[in-house]
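A quick write-up on the structure given underneath.
Read-outs: derived from the displayed coordinates by stated rules, not from any lab. These numbers were taken from a predicted model, which means no experiment stands behind them. Note that we place each Cβ from the backbone using ideal geometry, even for glycine, and neighbour counts take in every protein chain shown.
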Amino acid sequence: MNQIEQTPNGKDYFEPMHSAEHLINGAIARTLGCGRAFSTHIEKKKSKCDFRFHRNLTPEELTGIERTVNEQIASHADVRDEILTAAEAAARYNLSRLPEGATTVRIVHIGDFDSCPCIGAHVSNTAEIPPVRLISSDCADGVLRVRFKFVK
Ligand SMILES: [Zn+2]
């Protein structure tokens with residue numbers, strides 16, 4: 001569950017950066033059909049997500065994903081939680097990253113764009129997320145790594 005790790009610097013960047021990660025995951029999963037990242041590292045200056053995928057993003061895909069994410073940020077979408085039973089959640093979402101034995105699952109919705117199970121801390125509206133830049137991506141051994149940061 002490395003997506004919920006916090007650094008000693010605390011939440012000042014974590015909540016917006018992690019919330020941006022949700023949007024990037026949603027945009028990449030839609031674009032590539034590869035599912036969400038299996039590993040994520042959230043840091044203040046630069047974060048990264050690793051996906052199981054067989055090739056690198058094209059420049060057009062990278063630009064399109066970045067545009068989609070920034071459109072969602074600019075749309076000032078509300079971020080809300082929904083608590084489901086584990087059975088309800090399992091029917092609708094990929095629960096592979098949840099702890100064994102959980103009886104309820106928190107689903108985090110960002111507007112109507114993205115929904116996924118998560119226990120981390122998030123912004124309450126995408127207006128709190130600065131614009132995002134996808135810095136680079138590469139692919140090796142079936143792992144597509146995408147790096148991103150805030151523009152300012
Ligand atoms: Zn989250």
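Applying 1/(1 + (r/R0)^6) with R0 = 35 Å to the Cβ-Cβ distance of N56 and E82 gives a FRET efficiency near 0.50. Whole-Hz Karplus values for segment 115-128 come out as 9, 7, x, 6, 10, x, 9, 10, 5, 9, 8, 5, 4, 7 Hz, taken residue by residue from phi with 6.51 cos²θ - 1.76 cosθ + 1.60 and θ = phi - 60°; glycine and proline positions read x. Taken about its Cα centre, segment 1-142 carries a charge dipole of about 220 debye when Lys and Arg each add +1 at the Cβ and Asp and Glu each add -1 at the Cβ.
Straightening the chain between T31 and D112 buys 27.5 nm, computed as 0.36 nm per residue apart minus the Cα-Cα spacing. For A90 and D12, the difference between the fully extended length at 0.36 nm per residue and the C-alpha to C-alpha distance is 24.9 nm.
Ranking C34, A77, I107 by Cα position along the charge dipole of segment 1-134, where only Lys, Arg, Asp and Glu carry charges on their C-beta atoms, puts C34 farthest toward the positive end.
Please give me, ordered by residue number, the GluC sites (Glu not before Pro) of segment 73-152 that lie in loop per DSSP and have at most 15 other Cβ atoms within 10 Å. Write out the running numbers ahead of the final one.
Values: sites: E82, E88, E100, E128; in loops: E100.
Within segment 73-152, the qualifying GluC sites (Glu not before Pro) (loop, at most 15 other Cβ atoms within 10 Å) are E100.
Its DSSP H runs of at least 4 residues, each contributing -39,500 (n - 2.57), put the calculated 222 nm mean residue ellipticity of the chain at -9500 deg cm²/dmol, to the nearest 500. With the chain treated as a Gaussian network of Cα nodes joined by springs under 10 Å, which of S115, S96, S47 yields the largest mean-square fluctuation? Highest fluctuation among the options: S96.
Using a Gaussian network model of the chain in which every pair of alpha carbons under 10 angstrom is joined by a spring, one finds that among P131, P117, P59 the greatest mean-square fluctuation is at P59.
I need the shape label for segment 1-134. Rule: rounded when a/c is under 1.5, else prolate if a/b > b/c, else oblate, with a, b, c from the alpha carbon gyration tensor.
Values: a/c = 1.43, a/b = 1.23, b/c = 1.16.
Rounded, because the longest to shortest axis ratio a/c is under 1.5.
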